[in-house]
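**Student:** Pasting in a structure now, in structure tokens, and then I'll have a few things to ask.
The values are calculated or read from the model by the stated rules, or taken from the named source; none is laboratory data. Nothing here was measured: the structure is a model prediction, and the numbers come from that model. Ideal geometry is used to build each Cβ from the backbone, glycine not excepted, and the neighbour counts take in all protein chains shown.
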Amino acid sequence: MKERTAKRTNVTVGSKSAITFGSALAITISWSIHKSVLWAIIHGIFSWLYVIYYVLTR
């Protein structure tokens, strides 16, 4: 009989994703307030900083 060798694949979850939850949240908040793609991109770059700013100023 032939022996089977199991191949394992390591999958990184979360840390290597293209967009983080903080960025998505910042973009969503920014879009709902400003309706501007430029502001959404800028706020997405700042991510959690913008989310915390939004929470503190509301």
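**Student:** Restricted to segment 17-32, and to residues that are of a type outside the set (Val, Ile, Thr) and in contact (Cβ under 8 Å) with a residue 24 or more places away in the chain, which residue is surrounded by the most Cβ atoms within 10 Å (Cβ to Cβ)?
**Tutor:** The qualifying residue surrounded by the most Cβ atoms within 10 Å (Cβ to Cβ) is 26.
Residues checked against (1) in a helix (DSSP H, G or I); (2) at pLDDT 95 or above; (3) under 12 Å from the mean Cα position of the chain (by Cα):
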{"residue": "4", "(1), (2), (3)": "no, no, no"}
{"residue": "8", "(1), (2), (3)": "no, no, no"}
{"residue": "15", "(1), (2), (3)": "no, no, yes"}
{"residue": "18", "(1), (2), (3)": "no, no, yes"}
{"residue": "30", "(1), (2), (3)": "yes, yes, no"}
{"residue": "49", "(1), (2), (3)": "yes, yes, no"}
{"residue": "53", "(1), (2), (3)": "yes, yes, no"}
{"residue": "56", "(1), (2), (3)": "yes, yes, no"}
